[in-house]
Each structure stands twice: as C-alpha cells, then as structure tokens.
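The values are calculated or read from the model by the stated rules, or taken from the named source; none is laboratory data. Please read these numbers as outputs of a predicted model, since none were measured by experiment. Cβ placement follows ideal geometry from the backbone for every residue including glycine, while neighbour counts extend to all protein chains displayed. Accessible surface is based on the protein model in full, side chains and every heavy atom, while ligands, DNA and RNA are left aside. Shrake-Rupley method; radii C 1.70, N 1.55, O 1.52, S 1.80 Å.
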Amino acid sequence: MALTLAGPVAAEEATRFPATEHARTTLTIRSAADLDAMAPLIRDYQLLYPDVTVVYHEYITADLFGEVAASCAAGRAERDREADVVISSSVDHLIKLANDGCARAHRSIETGRQPDWAAWRDEVFGFTTEPAVIAYRPDLVPREDLPRSRVELVDLLRRKPEAYAGRIGSYDITLSGIGYLFAAYDARAAATYGRLVEAFGRANLQVRCCTSDLIADLEAGRIAIGYNLLGSYVYRAMRRGARLGLVVPRDYTLVLARAALVPVTARAVGDAFAFVDYLLSERGQRVSREEAFFFDRAGPLPPGIDGPSSLSAAGAFRPITVGPVLLAVQDRAKRARFLAEWRQSIGAEAQKADGNAQAGGRRAEEP
C-alpha cells in the first residue's frame, strides 16, 4: 500500500509507484516538490520504463539538503536514506552540493539542449519554469484596482490605503527559501523595490511561510492580493476550483527553475540519468506544462491568466540563473543585512512572525 506524506516534513514514509512489468530496479527520488505535481511525471516516465519501480520521498528543503550533504560527506548513503535523484526548489542548495563534489556529471542530447541559465556544470539541471506572480480574489479586488506591475501595486496602496490595509500577503522571507530568493532578485531587478517594501510596511503586510498558506488565506478572504507567489501552485489551485485570479507582472517576471541532480552516492545511476533526461525532454516538458507545473519558457500562458502572450514576451522574462551566482545570494553577511532592512521596512507583523518561528525552534521552508 502506498503511503503519502501529510506535508513537507522530513521523509520517514514514501509514496511507491510500482513497476507495471517485472521490476528490474528501484529508482529512489528525494524531493522538495509536491507529490501532486510530480506524480504525473513519474507515471509518464514509467510508460517509457515500465520495469522501474519509483519510490518518492517528499521533504522540506533544509532537511533534504542536510541529508544529502551528510551522505556525501560520509561517502555513502544509509540504506533507508539513499537517493538516486534529488529535486529541490532551493536551487542554491543543489549548487552548493555540486560545488562540494556531491553530484555526478551527466551529458546527453537532452542536457545539451538546455539554455545556459537552466543548467550548471553538467550536474544541476533546471526542469521547470515557475513564475513569481500576483494572485488575487476577483470578488475582493475591483477590476480597476488590479495591479499588473509593481509600480501599479505601489500606486494602489498609496491611493487606497484603507481598502487594502492588512489585505496584502506575501512570504516571510526570514522563513521561506523561495520568498527570500524572489525578494533578493526583486532588489536587484527593480528600482521600485524600496518603494514596494515601504508600501507593504504601511499596508501592514501579512507574511506567511509558504505558498500553500498564502493560497489558503486568499481562498478564505483573509487577504485580497498575494505578491510574488509561486505561479505553478496558484494555477493548480485555480484548476481545482479555487476562486482566484493570477497576474503575470508586465514589468518583469522572475522565474524559478526547480532543479534536479544525481548524487555521487546514487545506486541506480543509469536510471537516474534517464529520469533527468525525461524531465528535460520534449515529452517531459509537455507533461509538465499540461499536468504538473503548467508554464513553459516560450509557449503561451495557461488559459485564464492575465499577462503577456508568453513568459518570454516583451523582454520581461527574468530567470533565476542555475549557477554559482546563487551562492552569492546566500552569503551570510549580505543575507543578515538584507533581512534586517526588510524587517525594519515591513514592521511589526513580520517581526512577530519571525519571533513565533524562533519560539517554535524550526525554520519553515517552501517545498
């Protein structure tokens, strides 16, 4: 019987996808990606490799990184902690692992087709295209208020402070790896960043650890607008019937490429490389676009989204490069300074959330 994790915690149980023919081998995937998103990809992969059983473990990003790093340092993986493929939205973790010699190099036709920004050193491969978006409740945000850029969002909060006070939500970047990454790239990409954060502070920004929490707040009407949410998760909620709208910002769109690597301690190495190739292949990208993560680099946006014709239209496409630049983003001194400035601008709500997290003794992470 398959056992499914209740949430993104350290994986003690797993979801098993049995081989449909006589099982030749088992491929173990340890991942910080929702099972609901990865399941269609795993099942389609098994249509090509029906003799492979896949065991999928879902993690929070910090625990996944710690486990793989410990296995690498020991030079082996424990039987109940071995991994053939590692997948994470905290791509900086994977870059660190590769930089420390913990990843196997892989070259193939599929890896050779990847753009430079989506792969690093034949070891870390970005396989999704997940934009940071503005999500909203259509019944709570009049059409004339809908912000389609960061400048428009700042202007809305200036013009209608009473209407949106306490009704804007985003990540607590002290807790969310993705939230911090998006904020750091916002600060690099736009002269409007300082004004935006100040506007959030005046509007009593509601901060949460995770996309799922922000989506729940939107669905319940506790907030009206969510900023920089992970577009793939928002759109999945819309497909299941959530009363939400989604805007791809017109000024620029940050794009995360969730990534995969094959660790040096992998056992089913050939099958692991085949799975990575599948994720990067035209077939895998089609399944990802239609059933898993819903966006791609060049094609049209999914139906029902307010945005440009495609993510790459009008020069607004800003991918977060898969490479050592991500290590600079995580520099401890720079991070501490950036977070201190963010806390000061956002104000009491963010500091309260940060204090609650420290009292709980555990960092939350985006899956």
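Quick look at the values:
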quantity: Scope the range 316-333; condition at pLDDT 90 or above and part of a helix (DSSP H, G or I); matching residues; calculated: 333
quantity: When residues of the range 150-198 are limited to those that are among the small types (Gly, Ala, Ser) and touching a Lys or Arg at 6+ places or on another chain (Cβ under 7 Å), the one farthest from residue 61 (Cα to Cα); calculated: 190
quantity: Residue in the range 115-137 that is farther than 30 Å from residue 93 by Cβ and either in contact (Cβ under 8 Å) with a residue 40 or more places away in the chain or touching a helix residue (DSSP H, G or I) at 6+ places or on another chain (Cβ under 8 Å) (or both) present; calculated: yes
quantity: Flag if residue 157 is at pLDDT 95 or above and on the phi < 0 side of the Ramachandran plot; calculated: yes
quantity: Checklist (1) under 28 Å from residue 232 (Cα atoms); (2) modelled with pLDDT under 95; (3) touching a strand residue (DSSP E or B) at 6+ places or on another chain (Cβ under 6 Å) applied to residue 114, failing item; calculated: (3)
quantity: Residues of the range 240-263 that turn out to be touching a residue at least 60 places away in the same chain (Cβ under 8 Å), in a loop (DSSP other than H, G, I, E, B) and closer than 17 Å to residue 288 by Cα, as a count; calculated: 2
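Conditions tested, residue by residue: (1) out of contact with any Gly (no Cβ under 7 Å at 6 or more places or on another chain); (2) of a type outside the set (A, V, I, L, M, F, W, C); (3) in the same structural domain as residue 34 (by the TED database); (4) buried (at least 24 other Cβ atoms within 10 Å of the Cβ).
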residue	(1), (2), (3), (4)
231	yes, yes, no, yes
237	yes, no, no, no
245	yes, yes, no, no
273	yes, no, yes, no
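Yes/no per residue for (1) at pLDDT 95 or above; (2) open to solvent by 20 Å² or more (accessible area, probe 1.4 Å):
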| site | (1), (2) |
| --- | --- |
| 224 | yes, no |
| 227 | yes, no |
| 253 | no, no |
| 268 | yes, no |
| 300 | no, yes |
| 310 | no, no |
| 314 | no, yes |
